[in-house]
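Everything below concerns the one structure shown next.
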Amino acid sequence: MDTTLITGARPLGGEAADLLLRDGAIAEVGPAGSLSAPEGARVVRASGLIALPGLVDLHTHLREPGREDAETVETGTRAAALGGFTAVHAMANTAPVADTAGVVEQVWRLGQQAGWCDVRPVGAVTIGLAGERLAELGAMADSAAGVRVFSDDGKCVFDAVLLRRALEYVKAFDGVVAQHAQEPRLTEGAQMNESALSGVLGLRGWPAVAEEAIIARDVLLAGHVGSRLHVCHVSTAGSVEIVRWAKARGVDVTAEVTPHHLLLTDELVRGYDPVYKVNPPLRSNDDVRALREGVADGTIDIVATDHAPHPVEDKDCEWSAAAMGMTGLETALSVVLAALVEPGHLDWAGVARVMSQTPARIGRVTGQGGALAVGEAAHVVLIDPAARWTVDPAAMATKGRNSPFAGRELPGRVVATFYGGHPTVLDGALATPRALPASDREGASWSK
Amino acid sequence: MKHLLSAADLTREQAVRLLDVAEQMAATQQREIKKLPALRGRTVVNLFFEDSTRTRLSFETAAKRLSADVITFSAKGSSVSKGESLKDTALTLQAMGADAVVIRHASSGAPHRLAEKGWTSGAVLNAGDGTHEHPTQALLDTFTLRKHLVGGGQLGAAAGADLAGRRVVVVGDVLHSRVARSNVHLLHTLGARVTLVAPPTLLPLGVETWPCEVSYDLDAALGEAPDALMALRVQLERMNAAYFPSAREYSRRYGVTAERMAALTALTPHAQLLHPGPMNRGLEITAEAADGPRSRVVEQVTNGVAVRMAALYLLLAGEEE
Ligand SMILES: [Zn+2]
């Protein structure tokens, strides 16, 4: 097994320390300079670098099966590793939809075979994301993939009765429904945030109320039936207020925000460049401010990428014909630094909380999002906080070239990622995937 | 001026120059031989992703009267309707050596993409994009208004002038109208005061930030004695989406009728009535009003050719003067 001694890194931005990773776990932790490398161990000099638990993304579109032209589990998880992630949740809106045990197990196995990080499939709430009948949630939970997060993401579970049943039903296996909050009638043909600007640009508006009305209904429902609810990609100031109100009332609700909603505004739509087309849409400056404050005060629990790669032809066209979505895995950490850490909303422990520990807890991902302490799984990311880099989509591991941050200079770089003690990223570049654990090899070949 | 994408981009000087050149063009169109040699050897491509016979014919006529070679791509029966992308179509045109691309597209901002992505090196003229803008329509509307309100109906008499102090009421489906957006910008730039009138459902969010006034009451707006009334097309499908309850109720509250025209001309005998066409007679305008003495609807079509000649001329030959 891999053994690595990390010297002089600052866990969660604290005092410099040495960490020994052995047999997939954190074997020893001591003050900087206190540990010596065992025979044959790899030594990673990390003075000046920040060590965080491996990042966990609750909202990733890996596109496989069905849209391998946009992304595959292999390319998407390479991007994840480069972004410092050791676990991603693969959204269910694939073709076929991940609404059966068979599909979620296939995606889970592809993740295992790729070896760049844990791939936790999200199961669809309804068959075919059609919003009509519940998918076999229990079968997906009981499958090898062990699904705990259920979402029709891309579509809203709009039928209140269906949502209520789903919220109740998943209690049996400690699952959570992750709602894509979008009132469908209010957003038919919607192209951008509804604002004075949408009126001027002649693009059909996606009003904030279409998100807020659903969140308000859903937190009331979740409170009524005593279920967990997770709200995907909160994008408006009003949504933050509603979630804050619900939490104060004791509703078991968690909420996520994307990196792009923390940094970008709808002003970018002015040039009609579809790289800025995303769902929910980029909002106003006031919304951005409220979202940042929401993360700072804990109303918003996590940052999740909503990484949504698209082939070039789906973005290299006129606005209304373009696909919605942005890549995010390889820029998420830097954007969080720019939007939350540099302005003083979060410290490094806060980054670990919103990008690793809490998403792992919401997704019930065992072994991820732990403390950097002896006995924990060795999922560790090393970050150079002083580095600055210019985003170049062509240089990314994701197949998607649709980064809204292209050309921007961002702070902080992932230097190394350790996935179960194995370095998937070293010196800022992809290293090697972790070999499939021997116990899983049989299952993997069986799946072929 | 490299492209004509949006009326909002035009300065007062550019707009007045366009109108002046258009008046010169219009004067040549009263001669027996209408064709000018100005764009001989140049290629103008009409790229119509959305059907609009009248705008297409107007641009075609304008380009031909300037002796340009004209190629027209229409959505129907061409590769465009078979899903060929804007990009590929544009690259094809580029390979054919288009000096100007006149584009009509259902997607707001499509002409901007075309101009900014480098898919064509030619000048891009927006012939209507989605619910965004239709700058040459606004130019022909202001041309018509200036000729009659300032020039006394004589070509050339208003040269160099703008529309300072004139008041224009625009009534109809502002929300979905590229004509309204372009006219608000251009009339404002030329010094006119614009009042938009529509039911609240057919006004965009944030319209109060536009450089105009807004009213829900057509009769009150006409009671302020504007110099011109412009009716916008209202598509009947809007009724099904609950923008208004019925065609009858719409016409009653917002329709341009002979009675309303009589009330207006009692206050302003010189009032001008415009409509960009095609008209839904009986919905936003009655036949009596459309065919009445204050109507410039037919003349607008003639003026459209002159304005488009001016736009093509200034974009393609303007710097050579
Ligand atoms: Zn979503």
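The values are calculated or read from the model by the stated rules, or taken from the named source; none is laboratory data. The model shown is predicted, which means the values in this text are computed figures rather than measured ones. Cβ: placed from backbone, ideal geometry, glycine included. Neighbour counts: every protein chain shown. Just the protein is used for accessible areas: all its heavy atoms, side chains included, with ligands, DNA and RNA removed. Shrake-Rupley method; radii C 1.70, N 1.55, O 1.52, S 1.80 Å.
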>> How large is log10 of I(q)/I(0) for the stretch A:226-351 at q = 0.12, 0.20 Å⁻¹ when the intensity is taken from the Debye formula with one equal scatterer per alpha-carbon?
In response: -0.46, -1.11
>> Net charge within 12 Å of A:ALA139 by Cβ-Cβ distance, Lys/Arg positive one each and Asp/Glu negative one each, not counting A:ALA139 itself?
In response: -4
> Can you list the residues of the stretch B:123-167 that have at least 10 square angstrom less accessible area with all protein chains present than in their chain by itself, probe 1.4 Å?
Replying inline: B:THR131, B:HIS132
> Across 5 Å bins from 0, what is the distribution of all Cα-Cα pair distances for the stretch B:229-301, in whole percents?
Replying inline: 3, 17, 28, 23, 16, 9, 4, 0
> So which residues in the stretch A:154-202 end up with at least 30 square angstrom less accessible surface once the other protein chains are there, compared with the chain by itself, probe 1.4 angstrom?
Replying inline: A:GLU194, A:ALA196, A:GLY199, A:VAL200, A:GLY202
> Leaving out ligands, DNA and RNA, what percent of the accessible area of the stretch B:135-296 is carbon and sulfur, probe 1.4 Å?
Replying inline: 51 percent
>> Need one number: buried accessible surface between chains A and B, 1.4 Å probe, both sides summed, DNA, RNA and ligands left out, in Å² to 100.
In response: 1500 Å²
> When the accessible area of the stretch A:54-362 is split by element with a 1.4 Å probe, what percent falls to carbon and sulfur?
Replying inline: 49 percent
>> Starting from a Cα-only point model with no solvent, please compute log10 I(q)/I(0) by Debye for the stretch A:1-114 at q = 0.14, 0.15, 0.20 1/Å.
In response: -0.69, -0.75, -0.97
>> So with the 1.4 Å probe, I'd like the accessible area per residue for the protein assembly as shown, rounded to whole Å².
In response: 37 Å²
> Can you work out the base-10 log of I(q)/I(0) for chain B at q = 0.08 1/Å, using the Debye formula on its C-alpha atoms alone?
Replying inline: -0.35
> Taking R0 as 30 Å, what's the FRET efficiency between A:THR432 and A:ALA371 from their Cβ-Cβ distance, rounded to 0.05?
Replying inline: 0.65
>> Can you give the FRET efficiency to the nearest 0.05 for B:GLN30 and A:ALA196, using r as the Cβ-Cβ distance and R₀ = 35 Å?
In response: 0.20
>> If you scale each eigenvalue of the Cα gyration tensor by 5 and take the root, what three semi-axes come out for the stretch A:246-316, rounded to whole angstrom and sorted largest first?
In response: 28, 14, 8
> What share of all Cα pairs of the stretch B:135-296, in percent, falls into each consecutive 5 Å distance bin?
Replying inline: 2, 9, 20, 23, 22, 14, 6, 2, 1, 0
> How big is D for the stretch B:266-321, in µm² s⁻¹ as a whole number, if Stokes-Einstein is applied with the Kirkwood radius of its Cα pairs at 37 °C and 0.692 mPa s?
Replying inline: 244 µm²/s
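How many percent of DSSP beta bridges within the stretch A:54-362 run antiparallel, rounded to 5?
Approximately 5 percent, going by the DSSP bridge assignments.
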>> Please compute the contact order of chain B in relative form: average sequence separation of alpha-carbon pairs under 8 Å and at least six residues apart, divided by the residue count, as a percent.
In response: 21 percent
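For the protein assembly as shown, what does -39500 (n - 2.57) per DSSP helix run (n ≥ 4), summed and divided by total residues, give at 222 nm, in deg cm²/dmol to the nearest 500?
Counting only the DSSP helices, I get -9000 deg cm²/dmol.
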> What are the GluC sites (Glu not before Pro) within the stretch B:12-76 that DSSP puts in a loop, where the Cβ has at most 16 other Cβ atoms within 10 Å?
Replying inline: B:GLU32
> How much net charge surrounds A:GLY238 when only the other residues with a Cβ under 9 Å from the Cβ of A:GLY238 are counted, with Lys and Arg +1 and Asp and Glu -1?
Replying inline: -4
> For the stretch B:195-209, which residues drop by 30 square angstrom or more in accessible area between the chain on its own and all protein chains together (1.4 Å probe)?
Replying inline: B:LEU205
>> Counting only Cα atoms, I'd like the Rg/Rh figure for the stretch A:161-290, Kirkwood definition for Rh.
In response: 1.01
> Using only the Cα atoms of the protein assembly as shown, what do you get for the radius of gyration and for Dmax, in Å?
Replying inline: 30.7, 102
>> How large is the direction-averaged shadow of the alpha-carbon convex hull of the stretch B:60-187, in nm²?
In response: 9.7 nm²
>> Taking just the alpha-carbon atoms of the stretch A:227-284, what radius of gyration and Dmax come out, in angstrom?
In response: 13.7, 43
> Can you give the Rg and Dmax of chain A based on its C-alpha atoms, in angstrom?
Replying inline: 20.8, 67
>> Could you tell me the center-to-center distance, by alpha carbons, between the stretch A:360-392 and the stretch A:226-260 in angstrom?
In response: 24 Å
> Over all Cα pairs of the stretch A:307-448, how is the pair count split among 10 Å bins, expressed in % and running from 0 up to the last occupied bin?
Replying inline: 10, 30, 35, 20, 5, 0
>> Can you tally the net charge around A:VAL97? Count Lys and Arg as +1, Asp and Glu as -1, for every other residue whose Cβ sits under 13 Å from the Cβ of A:VAL97.
In response: -2
